[in-house]
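**Q** Supplied in structure tokens, the structure appears directly below.
The values are calculated or read from the model by the stated rules, or taken from the named source; none is laboratory data. Here the structure is a predicted model, which is why all the values come from computation and not from measurement. As a convention, Cβ positions derive from the backbone with ideal geometry for all residues, glycine included, and neighbour counts pool all protein chains shown.
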Amino acid sequence: MDSSTPTVALCGAGMIASAHALAARSMGAHVVAVASRSEQSRTKLAADLGARAVEYSRLPAGADIVVVATPPGQHFEHAVHALERGAAVILEKPLVLNLNEADRLVDLAARHGERLLYAENLAYAPVTHAIIGLVARIAERGSTIDHLQLRTIQPLPTWGDFTTVEWGGGALYDLGIHPLALAVLIGRAARAGEVVSVESVLRGETTDTHAEVILTFASGLKGTVVASWEGAEVPCWDIQVSSATDVVRAELLPSLSLEHNGDAVALPKTTTSVPMIESFGYLGQMRAFVDDLINHRTPFMDAAFGRWMLEIACACYVSASRDGTSTPVPSGCDRTRSPLRLWKAD
């Protein structure tokens, strides 16, 4: 691809697929096709976007990039289908259903020139860039980060089959993948190294609706992640990082803000008609991936990063199956099992 305005096809027609479509159109790209298991959904979204409604098998339908935003159990199949037919792929989180699929996808992405982006949109959000910059400067001054907490607490979404066995995992596997990824990125900026072990407590009937995790980094830093679908109507997504001399606080929801030692940190003003597309990183993610493709670079969020997130998540589910005991990352778990099946065996 040698154009900054590629063509895009959507594999999936839900809310997240629509967010990617808005990001593509905001940078002047054309959405040319929409596929979904629901004929009604794909027809409606395609009509809204001026695109063609097609079946999954027709993808990439001439598009340069296919956005895979189907349920996790279909991620591997749909990503492979697009890659093997010459398209680049933006693959929604969580990467795939199990670590065996993740291993195979990492290998496949390498064989296809690393033309797959793991869609951790918050890694491209301006607030995340600002937090990482602040933490890196704190670490450069020799101040050790000794506190890290990230929370994503909200009600269960009204769309999707998030609490079913088929989804593969609950609040931690889906919603919690965001704070896990941000914790890893902040830990790297803080010079804490990688996550080496986890302790996790989950609750829920069929799958987890609430998760509390302690991450231990190579440096000894312990970070806390809370991911919950048991929250009040108003969601609470926030981050706190501190050392003996500095405190960084960010709120992503219900409103966006960033503070350093109590002083507000200015964030870039949004320029699109739907601010969330910019402030939550969807636009930056799309722009960065197109630039990566043009310049033949491996994306910042690649398949290997997505697999590492799944390694951490799977270790959390293993820990929960052992009453929260410390579990190494990687955990040595059965790589053919979904996170849910690592917690609750058949």
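**Q** Being surrounded by fewer than 12 Cβ atoms within 10 Å (Cβ to Cβ), among the small types (G, A, S) and over 30 Å from G28 (Cα atoms) is true for just one of G231, G223, G262. Which residue is that?
**A** Values: G231 fails: surrounded by fewer than 12 Cβ atoms within 10 Å (Cβ to Cβ); G223 fails: surrounded by fewer than 12 Cβ atoms within 10 Å (Cβ to Cβ).
Just a single option satisfies the conditions, and that option is G262.
**Q** Against the definition (closer than 15 Å to I312 by Cα and at pLDDT 95 or above), how does N98 come out, yes or no?
**A** Yes; evaluated as a whole, the condition is true for this residue.
**Q** Hey, P71 hits all of (1) in contact (Cβ under 8 Å) with a residue 40 or more places away in the chain; (2) under 19 Å from P157 (Cβ atoms); (3) surrounded by 21 or more Cβ atoms within 10 Å (Cβ to Cβ) but one; which does it fall short on?
**A** Condition not satisfied by P71: (3).
**Q** Follow-up question, since we're still on this one. Can you pull out every residue in the stretch 187-204 that is touching a residue at least 40 places away in the same chain (Cβ under 8 Å) and within 18 Å of Y317 (Cα to Cα)?
**A** Of everything in the stretch 187-204, those that are touching a residue at least 40 places away in the same chain (Cβ under 8 Å) and within 18 Å of Y317 (Cα to Cα) turn out to be V195, V196, S197, V198, E199, S200, V201, L202, G204.
**Q** Further, regarding this structure: Go through the stretch 117-168 and give me each residue that's in a loop (DSSP other than H, G, I, E, B), in contact with an Asp or Glu (Cβ under 8 Å, 6 or more places away or on another chain) and farther than 24 Å from S41 by Cβ.
**A** Listed by number, the list holds a single entry, S143.
**Q** Taking R297 and the conditions (1) assigned to a loop (DSSP other than H, G, I, E, B); (2) not assigned by TED's automatic domain parsing to the domain that holds L116, which numbered condition does it fall short on, given that it satisfies the others?
**A** With respect to (1) assigned to a loop (DSSP other than H, G, I, E, B); (2) not assigned by TED's automatic domain parsing to the domain that holds L116, R297 is out only on (2).
**Q** Additional query: Look through R287, R249 and report the one residue that is modelled with pLDDT of 95 or more and not assigned by TED's automatic domain parsing to the domain that holds L134. Talk me through it step by step, then tell me what you get.
**A** Working: R249 fails: not assigned by TED's automatic domain parsing to the domain that holds L134.
Going through R287, R249 in turn, just one is modelled with pLDDT of 95 or more and not assigned by TED's automatic domain parsing to the domain that holds L134: R287.
**Q** Output the residue which, of all residues in the stretch 74-93 that are in contact (Cβ under 8 Å) with a residue 60 or more places away in the chain and farther than 17 Å from Y282 by Cβ, is surrounded by the fewest Cβ atoms within 10 Å (Cβ to Cβ).
**A** Ranking the qualifying residues of the stretch 74-93, first place goes to H78.
Here's the yes/no breakdown for (1) within 23 Å of E114 (Cβ to Cβ); (2) modelled with pLDDT under 95; (3) in contact with a strand residue (DSSP E or B) (Cβ under 7 Å, 6 or more places away or on another chain); (4) not hydroxyl-bearing (S, T, Y):
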site: L293; (1), (2), (3), (4): yes, no, yes, yes
site: F305; (1), (2), (3), (4): yes, no, yes, yes
site: A315; (1), (2), (3), (4): no, no, yes, yes
site: V318; (1), (2), (3), (4): no, no, yes, yes
site: D323; (1), (2), (3), (4): no, no, no, yes
site: S331; (1), (2), (3), (4): no, no, no, no
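**Q** Could I ask something else about it? Looking at G332, G324, which one is out of contact with any His (no Cβ under 9 Å at 6 or more places or on another chain), assigned to a loop (DSSP other than H, G, I, E, B) and free of Cβ contacts under 8 Å to residues at least 12 places away in the same chain?
**A** Testing whether each residue is out of contact with any His (no Cβ under 9 Å at 6 or more places or on another chain), assigned to a loop (DSSP other than H, G, I, E, B) and free of Cβ contacts under 8 Å to residues at least 12 places away in the same chain leaves just G332.
**Q** Of the numbered conditions (1) polar (S, T, N, Q); (2) in contact with a strand residue (DSSP E or B) (Cβ under 9 Å, 6 or more places away or on another chain); (3) touching a residue at least 40 places away in the same chain (Cβ under 8 Å), T272 fails exactly one; give the number of that condition.
**A** Evaluating T272 over (1) polar (S, T, N, Q); (2) in contact with a strand residue (DSSP E or B) (Cβ under 9 Å, 6 or more places away or on another chain); (3) touching a residue at least 40 places away in the same chain (Cβ under 8 Å) leaves (2) as the failure.
Conditions tested, residue by residue: (1) in contact with a Lys or Arg (Cβ under 8 Å, 6 or more places away or on another chain); (2) at pLDDT below 95.
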position: D2; (1), (2): no, yes
position: H20; (1), (2): no, no
position: V32; (1), (2): yes, no
position: E39; (1), (2): no, yes
position: L45; (1), (2): no, no
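**Q** When you go through (1) part of a helix (DSSP H, G or I); (2) buried (at least 24 other Cβ atoms within 10 Å of the Cβ); (3) of a type outside the set (D, E, K, R) one by one for A46, which number turns out not to apply?
**A** For A46, the exception is condition (2).
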